[in-house]
Structure formats: C-alpha cells, structure tokens
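Encoded as structure tokens, the structure appears first; notes follow it.
The values are calculated or read from the model by the stated rules, or taken from the named source; none is laboratory data. Bear in mind that the values here come from a model prediction, so they are computed numbers and not experimental data. Because the Cβ atoms are built from the backbone with ideal geometry, glycine has one as well, and the counts that use them run over all protein chains shown. Surface areas here come from the heavy atoms of the whole protein model, side chains and all, with no ligands, DNA or RNA. Shrake-Rupley method; radii C 1.70, N 1.55, O 1.52, S 1.80 Å.
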Amino acid sequence: MYETFEKLPDHRKEQIVQVCIEEFARNGYTNTSTNTIVKRLGISKGLLFLYFKSKKNLYLYLVDYLTEIIVDYFFEETKEGEERRPLNSFGNLGEYYKTLLQQKPDYILFMLEAFLNTPVDIRTEIETKHGKVHEHFIQHLDTEGFRKDVDLEAVANLLHLTTFHIGQMVFTDYQETENINRNIEKYLDMFSKCMDVIKYGVYERNV
C-alpha cells in the first residue's frame, strides 16, 4: 500500500514521518490538518496522498511505525535469527518510559492519543493492533521467579492497567500545561509504587 513512500530516501521518509507524528501528537487525529502537514514539508497534498492514499492510512502507518520502534527497543531484539531476550517488566521498564518521555515526547503523545482517544472510524484497526502488542508482551515475559500458579494474562492485564492509568495522567497533564518533563519523576514514582504492589502483593506473608 505504501510502496511509493517506501522507495523514498531514508532521510526524506524520516522527515515526513517526524512532521506527521508532531502534528498528530499535538492536535489529535480529528484536528490535524493535512494542509498544515504538506505546508511544513513543502509538498503538495496530492503527493502526500500518493504516498498514503488517505489521512486514515497515514495515521495507521504511523501507529505501525511507532509500535515497531517502541516494541523492538522495549523487547531488546537481538540479531536476525536469534531469539528475543525475555522481558523483565519489573526491571528497567520505568527507566525505559523515562527515556521515551525525555527524548521522544511526541512518540509517547502520539501513541497515547491513538490508544486513549481513539477516533471512532479507526477504532477497530487500533484495537486490533493494540491486542497484538498485548499478546506479544505475554509471549516474551520473563517469568523467572514467578509463582508456578500465577496467571500470566492477569499479570499482563495489571501491567496494562497501570501503564494505561499513568498514560492518562501524562496525556491530561500535557493538554493542560503542554509540559511533560516537569512531571516525569511524579509519573515514575507512581509507576514504581504500582509495580511493587503487583510484584510483592499487599498483605504480609503471615496474614
């Protein structure tokens, strides 16, 4: 579907993708103007639609693009043909989110917009993509030290709920102040406390 776009030089593709991510992250799917995008890029709207066919396809392309970048980094993919390393969700997950928030805030805002404020006309496609990431997460979870009777689906759901809740905080704070960095430590502190509860439970062992 995106053959014409994929044939562009890498630096040009990266420029187009970055501008589109910035516009969607700041304005959301509905309020993003393709006129603004093409003006920033110095191209015609016809050329943009030659690459992506429609605004909807452009948005879904960006969801796939960012999902691949974030998931590949998150799961620490090794060289082609080698197995992935298991995911230690209770290890460096907080630092991973901190790095993303500091270095790639538009990436985070775009994905939060996609998953928390999903446009009705692409909800099915987004939910399908989100579901695949969730399955991927379970498949590569590092279970060393887990109770033998633990339900991995429940663990994944709890982690998902935690990230979803904190993601809502990030999204709301940005909409109100347009500033993520000043609250990063607050987000990480809450995330760490939630991870401790999930990992160690609430009651003492003898209760």
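Could you please find all residues in region 118-130 being farther than 21 Å from residue 69 by Cβ and either acidic (Asp, Glu) or open to solvent by 50 Å² or more (accessible area, probe 1.4 Å) (or both)?
Listed by number, the residues that qualify are 120, 121, 123, 124.
If the Cβ limit is 6 Å and pairs must be 6+ apart or interchain, which residue in region 56-72 that is modelled with pLDDT of 80 or more and open to solvent by 10 Å² or more (accessible area, probe 1.4 Å) pairs with which residue that is aliphatic (A, V, I, L, M) and assigned to a helix (DSSP H, G or I)?
Note: pairs meeting the criteria are 56/122.
Is one or more of the residues making up region 173-182 assigned to a helix (DSSP H, G or I), open to solvent by less than 60 Å² (accessible area, probe 1.4 Å) and modelled with pLDDT of 80 or more?
So far as region 173-182 goes, no, none of its residues is assigned to a helix (DSSP H, G or I), open to solvent by less than 60 Å² (accessible area, probe 1.4 Å) and modelled with pLDDT of 80 or more.
Which members of region 133-156 meet the condition of being open to solvent by 60 Å² or more (accessible area, probe 1.4 Å) and either within 29 Å of residue 186 (Cβ to Cβ) or without any contact (Cβ under 8 Å) to a residue 12 or more places away in the chain (or both)?
Those that are open to solvent by 60 Å² or more (accessible area, probe 1.4 Å) and either within 29 Å of residue 186 (Cβ to Cβ) or without any contact (Cβ under 8 Å) to a residue 12 or more places away in the chain (or both): 135, 139, 145, 147, 148, 149, 151.
Can you tell me which of (1) at pLDDT below 95; (2) open to solvent by 60 Å² or more (accessible area, probe 1.4 Å) is the one residue 40 doesn't meet?
All conditions pass for residue 40, except number (1).
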